[in-house]
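These notes are about the structure you will find just below.
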Amino acid sequence: MGGELKTASGGMTGVRSGVGSELAERAAGLLAGGEVRMFLGYGAGRTPLRVRPRHVLRPEAAGGLVWNEFCAPSLAKYLLEEQEEEGRVGVLVKACDLRAVKRLVADRRVERERVLLVGVGCPGVVDAGKVEALLARAVPGEMVEEAGVRDGVLVVQTRSGVREFPREEYLLERCLHCEDPNPRDVDLFVGPEVAPWPARPHDYAEVAEVAALGAAERAAYWDRQFARCLRCFACRNVCPACSCRECCFDVWEPMWLPREVSVSEQYMFHFTRAFHVAGRCVDCGECERVCPVGIPLMKLNRALQKEIAELFGVERPWEPQEKEPLAMYTPDDPDFH
C-alpha cells in the first residue's frame, strides 16, 4: 500500500466541507414541492470515514444529507426497491453512479421518467478501507474523530492527533480512470463542476498482468483468490448489471450452484456471474469495493471488457448503449453458420 502516514500539528480548520448544505436545500425543495416522493442520498456513517445510504421522505429530514470525499456507495440499485410505488424518486449520482442508473434503465428494470437525477461533481472518492488499515497498523485501536480533505491532502483527526495522507494514493481504483468527474444528462446539478484530472487510460494493464502468467500459475492465482470467497453474494447484490427478478443462483431447481462452499463451486459462481454481466459491466468497481475479503473481481470484468472492445470494436464497453453487441442477434453474425 502506497503512502506514508504523517502526524501533523494543528486541527482540522480548512478541511473542504463540500456542497452538503446546497444539496440539503435542493432536496428539501423537491420534497416540499411534490416533485419527488423520496430522495436518496448519503447520511453520516459509523465513523467520519464512512457514510451510509439515506432515504429522505420529509423536507425537514433533508438536513441530515451529506456530501464529501467518502461517499463511495452507489445508490443506483436502491431504485429497484422503489419501482412498485407511485411517484418519482430523486437520487444523488456521481458520474460512475449515472452509468449504473443507465444500465438499469437499459435493462428495463427502472423507468427513467420515474427517476429525478441530481448530479454532483466528484473530486474522487477516498478508499476508507485503505486508510483504516494503515491506521490500524500504525496505532492499533486508534479512533477517528473527524476527517476531510484540505489542500489536496487527506486529513484525519484521531484521539492522538492529526494525521495526513497523500490523497491521490488513497482514492478508489475507479477514480483513477475517471475521464469526467461531472455527471452529464442529469435533471439537476448541485454545486460547482469539478475540473477533470489526468485519468489513467483503460489499457487493461491488470488483465495483461494475469494473462502473462502460465496456465498453471494463472490457475493457482485464481485458486488463491476464490479460496477466500465467503459466497456472501455482496458482489452480486451491489452490481447494477445483476438485476434479474430471480437470480439463477437462488433457485433450487435446476440447481446451478450447490450450497457447498468449495473452490470449484466458487469458480462456478464467479465465472458465471462474470459472463452474465459481460458487455453490461459499467466499470463502477462496486463489486470489488464491497467484497469483505478483497477479491480482485474487476480483473475478471475488465478481461471481458477487453474482449468486447476488440472483438466487436466497441470503444467504450463500460458505457450502456442503445444497441450492445451481446444483446443483439442477427442471422449474419459471423458464428451463426
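Annotations
- Under 29 Å from K130, Cα to Cα: lysines that are on another chain or at least 8 residues apart: K6, K77, K94, K299, K306
- For the options L104, L80, L311, a Gaussian network treatment of the chain with springs between C-alpha atoms closer than 10 Å singles out L311 as fluctuating the most.
- The range 1-200: Rg to Rh, with Rh as the Kirkwood radius over Cα pairs: 0.99
- Computed over the chain with a Gaussian network model linking Cα atoms closer than 10 Å, the most mobile of G141, G43, G34 is G141.
- Farthest towards the positive end of the charge dipole of the range 1-200, among the residues V194, G20, G129, is the Cα of G129, using unit charges on the Cβ of Lys, Arg, Asp and Glu.
- Only Lys, Arg (+1) and Asp, Glu (-1) charged, at Cβ; the range 1-200 dipole about Cα centre in debye: 320 debye
- Remark: the range 65-79, residue by residue, has Karplus-estimated 3J(HN,Hα) of 6, 10, 9, 7, 6, 10, 7, 7, x, 7, 9, 4, 6, 5, 5 Hz, where x stands for each Gly or Pro and the curve is 6.51 cos²θ - 1.76 cosθ + 1.60 at θ = phi - 60°.
- This model, with +1 at the C-beta of Lys and Arg and -1 at the C-beta of Asp and Glu, gives the chain a dipole about its Cα centre of some 880 debye.
- Couplings 3J(HN,Hα) for the range 150-156, derived from phi with the Karplus relation 6.51 cos²θ - 1.76 cosθ + 1.60 (θ = phi - 60°), are 10, 6, x, 10, 6, 10, 10 Hz, where x marks Gly and Pro.
- The structure shown yields volume of the Cα convex hull per residue in Å³, and of the options (i) 186; (ii) 170; (iii) 203 that calculated value carries the label (ii).
- Rounded if a/c under 1.5, otherwise prolate or oblate - the range 205-327, Cα gyration tensor axes: oblate
- Charge dipole (the chain, unit charges on Cβ, about Cα centre) - positive-most of T272, L30, P331: L30
- Relative compactness, the range 128-200, computed as alpha-carbon Rg over 2.2 N^0.38 Å: 1.37
- Interchain or long-range residues, amide H under 5 Å from V162's placed H: A8
- Cα centroid separation, the range 64-117 to the range 196-246 (Å): 24 Å
- Where only alpha carbons of the range 96-224 are counted, the Rg and the Dmax (Å): 19.4, 52
- Mean-square fluctuations from a GNM of the chain, with a 10 angstrom spring cutoff on Cα atoms, peak among V89, V118, V263 at V263.
- For the range 237-281, the square roots of the Cα gyration tensor eigenvalues, ordered a ≥ b ≥ c, give a/c of at least 1.5 with a/b no greater than b/c, which places it in the oblate category.
- Each of C247, C287, C229 was scored by the projection of its Cα onto the charge dipole of the range 225-337, and the greatest displacement toward the positive side belongs to C229; charges sit on the C-beta of Lys, Arg, Asp and Glu.
- Normalised by 2.2 N^0.38 Å, where N is the number of residues, the alpha-carbon radius of gyration of the range 255-331 equals 1.24.
- The chain - mean residue ellipticity at 222 nm from DSSP helices (-39,500 (n - 2.57) per run, n ≥ 4, rounded to 500): -9000 deg cm²/dmol
- Nonlocal amide H pairs with G43, under 5 Å, H built at 1.01 Å: R52, R54, V66
- Applying both filters, DSSP loop and at most 10 other Cβ atoms within 10 Å, to the GluC sites (Glu not before Pro) of the range 179-279 gives E246, E260.
Each value in this text was obtained by applying a stated rule to the coordinates, not by laboratory testing. The model shown is predicted, which means the values in this text are computed figures rather than measured ones. All Cβ positions, glycine included, derive from the backbone under ideal geometry; neighbour counts span all protein chains shown.
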